[in-house]
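Presented below is the structure to which this report refers.
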Amino acid sequence: MQAAPQAPGHPHAFWRMKRLREANGITLEALATRSGLTKSYLSKVERGVSVPSIASALKIADAFGCGIGTLFGADDAAPDITLVRRGERTPFNRRGQSSGHRYEAIALARSHGLFEAFVDHPPFEAPPGYKPAEHRGQEMIFALKGRVVVNFPHREVRLGPGDALLFSGHMPHVVLSQPPHPAEILVIVTADAQAAETPHHRNGAEPPAPARRARPTRA
C-alpha cells in the first residue's frame, strides 16, 4: 500500500489543519458544519488516522477559505516558477475510504486557492458503496494514457488520449478506466466563481473594503 504523503518534519500531510483551525478560532463542530463532514472524521484527519479524498480535501479547504496547498504546508514564499518532476508528485492515499483511484497532486504551492491540479489513475470498476464525486467549482479532465469513461446521472462520456472534458463539479460523476489498459488523466479543479474573483479571500480573511471615491469639489 502506498504511504500517505508526508510534510517535512511532520508525520502527516495535513499537519497544518489543526493549527490553521485553532488560529482562526474554529472548533471541530464548526468545521464539520462548514464542510459538511463529520466531527469524528475531521478529528481522524487531524490526527493522521485518515487521509481525505480529493472531494473531502476540497470541502475542508473551502471551509477554511484556502486552497489544498495551504493544508499541505505549501510555502507562501514559493518562487515565480515551480518545476514538478514526474517522481516529485505528492500522492493522495485514501486509507479507510478506498475508491480504487490513485492520485498524484501537482503544484500545490502555486494554486493560491484558484485551482487544484493532479494526475489520476482511475480503477476499472467502482468498489461497492462508492458514491459519485461532487465538489465546488469547475473540473477539466484531459486523457493522457488509455481510455476512460465519465458517468454522469443521465449521460456517459468516453475519452481517449488527447481528449478533454469540462463540466460543473456539482454534477455527480464517476471516472473509470476502460479495458484493457489502466488510464492516466490530468484533472484540474477550479475554485467557485466568487473565490476566483477574490483570490485574497484566503484563510477566512475578509477582503478589504473598496476605496471610496472622492467627491469633486465645486470651484
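The values are calculated or read from the model by the stated rules, or taken from the named source; none is laboratory data. Treat the numbers as computed from the prediction; the structure is a model and nothing was measured. Backbone-built Cβ (ideal geometry, glycine too); neighbour counts: all protein chains shown.
Structure above, values below:
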| quantity | calculated |
| --- | --- |
| Candidate set: the range 174-191, residues that are part of a strand (DSSP E or B) and of a type in the set (A, V, I, L, M); chosen: the one nearest to LEU144 (Cα to Cα) | ILE185 |
| Pair list, Cβ under 8 Å, 6 or more apart: the range 142-158 residue on the phi > 0 side of the Ramachandran plot, other residue surrounded by 15 or more Cβ atoms within 10 Å (Cβ to Cβ) | GLY146/SER177; GLY146/GLN178; GLY146/PRO182; GLY146/ALA183; GLY146/GLU184 |
| Looking only at the range 70-98, and only at residues there that are at pLDDT 65 or above and either surrounded by 19 or more Cβ atoms within 10 Å (Cβ to Cβ) or in contact with a Lys or Arg (Cβ under 8 Å, 6 or more places away or on another chain) (or both), the one that is nearest to PHE124 (Cα to Cα) | PRO91 |
| Of all residues making up the range 19-65, the number that are in a helix (DSSP H, G or I) and either touching a His at 6+ places or on another chain (Cβ under 7 Å) or of a type in the set (D, E, K, R) (or both) | 12 |
| Cross-chain or 6+ apart pairs with Cβ under 6 Å, the range 170-189 first and over 13 Å from HIS135 (Cα atoms), then modelled with pLDDT of 95 or more and among the hydroxyl-bearing types (Ser, Thr, Tyr) | ALA183/SER177 |
| Matching option when the condition is farther than 18 Å from SER56 by Cβ and at pLDDT below 90, among HIS112, HIS121 | HIS112 |
| Which listed residue is modelled with pLDDT under 95 and among the charged types (D, E, K, R), from ARG136, ARG147 | ARG136 |
| Condition met for ALA193 (loosely packed, with under 14 Cβ neighbours inside 10 Å, closer than 26 Å to MET17 by Cβ, within 16 Å of the chain's Cα centre (by Cα) and at pLDDT below 85) | yes |
